[in-house]
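First comes the structure, then the notes that go with it.
The values are calculated or read from the model by the stated rules, or taken from the named source; none is laboratory data. Fair warning: this is a prediction, and the values are worked out from it, not measured in the lab. All Cβ positions, even for glycine, are placed from backbone atoms using ideal geometry, and neighbour counts span all protein chains on display. Heads up: the accessible areas ignore ligands, DNA and RNA and are worked out on the full protein's heavy atoms, side chains in. Shrake-Rupley method; radii C 1.70, N 1.55, O 1.52, S 1.80 Å.
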Amino acid sequence: MPEEKCVFCEIVAGRAPAHIVHEDALSLCLLDIHPFTQGHCLVISKRHVPWWHDLSPEENISLFQVAQTVAKRMMKTFEPDFVCLYARGRRIPHTHLFLVPTFSGDVLDRFFNALEGFQESPQALARLKDPEAMQAALEGLKIPKTA
């Protein structure tokens, strides 16, 4: 069974189309073809490595310098609240950083708000088990016995 070609390697080699925003000797930034917001980009290593932490120190410096350069341009061009950066490599096993101009209430902001809610929910759920909270719930719900 032939191994599938890596789309990012094909872009780096010039064999696949891409909207290239910026590049240096070791990294390349392109517009994501499935953007969350206008200007959503991916920063990829030019060498095929699945995870950013497995890149060489020089490649990591390049990757994050390209990300910073483009993020600053995004801030000036789109005036978002901030630029969200996160790393992936699972679906396409080639290092890529997501750079997403993020605005209050947009899809990514709502996602992270929900994620932070899950992070905080164990404490809120634990408080529901406190004896006082259980008693209050019981008093509010208990149906009096009829004679």
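Structure above, values below:
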read-out: Accessible surface of segment 52-114, 1.4 Å probe, proportion on carbon and sulfur as whole %; value: 56
read-out: Whichever lysines have a C-alpha closer than 29 Å to that of K5, once near sequence neighbours (fewer than 8 apart) are set aside; value: K46
read-out: Rounded to 10°, Cα long-axis angle of helix 107-128 versus longest principal axis of the chain; value: 30
read-out: E4, E59, reordered so the largest accessible area comes first (probe 1.4 Å); value: E4, E59
read-out: Accessible area (Å², 1.4 Å probe, nearest 10) - E79; value: 140
read-out: Accessible area per residue, Å², the chain with all protein chains present, probe 1.4 Å; value: 71
read-out: Correct option for mean projected area of the Cα convex hull in nm² [calculated from the coordinates] among (1) 8.8; (2) 16.0; (3) 8.2; value: (2)
read-out: Extension reserve of the K145-A13 stretch, reckoned as 0.36 nm per residue once the Cα distance is removed; value: 39.7 nm
read-out: Proximal lysines to K142, defined as alpha-carbon separation beneath 26 angstrom and excluding residues fewer than eight positions away on the same chain; value: K129
read-out: Between helix 57-78 and the chain: long-axis angle, C-alpha atoms, 0 to 90°, nearest 10; value: 70
read-out: Per-residue HN-Hα couplings for segment 32-47 [Karplus 6.51, -1.76, 1.60; θ = phi - 60°; Hz; x = Gly/Pro]; value: 6, 7, 10, x, 7, 9, 4, x, 4, 10, 10, 10, 10, 7, 6, 8
read-out: Residue-level accessible surface for K129, protein heavy atoms, 1.4 Å, Å²; value: 150
read-out: Unpaired by the 4.7 Å Cβ criterion, cysteines found in the chain; value: C29, C41, C84
